[in-house]
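Below you'll find the structure, written out as structure tokens, and then a few comments.
We did not get these values from a lab; they are worked out from the coordinates using the rules stated. Predicted, not measured: the structure shown is a model, and the values here were computed from it. Positions of Cβ are backbone-derived with ideal geometry, glycine not excepted, and every protein chain shown enters the neighbour counts.
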């Protein structure tokens, strides 16, 4: 058995497979991924904390399934994200992260809470009278998309354009696609890059009170670095955070834990990220031969740090397949990474999840799953997200 991105179990329920790997082959070479996989918590955490041997340089540009025709269509953008903060090592990483961190101060993050609460209230207002909805399409995603757009400085009229093209980007680089579909997605991706490029250029000429203007005016950042930074933050707000909210709501409804009491909300968010993380792991490159558990990872090899497996490691989390809303060490998960590449937007993501649970729990206290509706996840190498989630109240 191997990792198989095309199989339903790969994203929906990989835990028996990952448990066997942790016990029997903690350093596993996946033919399907073309990578070595670290599955034990201690090894994943240590690799995150060792950027000299496990390099981030080029780690986000992985897409071994692209055809030569698609690569030719992308041209220089086939290596997109080559200068994004999570895709480089020090000293470039240190310089880039210092600039990005200026926008994610505790005060700035807290200021976004009121807006995000209002956006969630508006989302509920639109569907409250229906008594039934697709949580993914009609409730869970839009507030995060709008918050991210306001933060970045994307005009409201362009939000749908950005959302559509971000989804295409994700499919192109992080989900297997047929050759013809790859070309369609590549054209969409190039159109998206052109849009962000023009947004950055516009803000450089006429700055506003938004993140794009802040980065465009920052000293020491190239135009390409700013474009890649903006593009990737839009991915997080349009995809990763709302996917985590969908996973969280599904878990809580299945567990009969809805709505979540205020005093348990913060820890509940951590437990849901641990047990149903939207991010499944990160890729790295071995810079030297690395011997671990009797296996030698050769220099230059691609390595997947499986945070999904680490979050279910029974040596760290007691009875890991059981949802425990007040699990004392739930926040020990590695969904946001660890060390110098710890996610700069982690505080904002946590705030969004807590706020959404507060508003949705108060407004829709009798939320439930619609009987008989299948639960299907999007196929992906590194992300877990629902295609749809039918709910009623």
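Quick notes
- Separation of alpha-carbon centers, the stretch 198-250 and the stretch 14-42, rounded to whole Å: 33 Å
- Within the chain, helix-based [θ] at 222 nm, where runs of 4 or more DSSP H residues each add -39,500 (n - 2.57), nearest 500: -15000 deg cm²/dmol
- For 285, 366, order by how many other beta-carbon atoms lie within 10 Å, fewest first: 366, 285
- Footprinting exposure proxy for 22, 254, 71 (fewest neighbouring C-beta atoms within 10 Å first): 254, 71, 22
- Candidates 44, 324, 226: whichever shows maximal mean-square fluctuation once the chain is modelled as a Gaussian network with Cα springs under 10 Å: 324
- Global form of the stretch 161-309, assessed from the alpha-carbon gyration tensor, a/c cut-off 1.5: oblate
- Inter-part distance, the stretch 259-321 to the stretch 134-182, computed on C-alpha centroids, equals 25 Å.
- GNM flexibility winner over the chain from 138, 266, 130 (Cα, springs under 10 Å): 130
- Highest-fluctuation residue, 215, 112, 273 considered, GNM on the chain with Cα pairs under 10 Å: 112
- The stretch 8-392: C-alpha gyration tensor shape, a/c 1.5 cut-off, then a/b vs b/c: rounded
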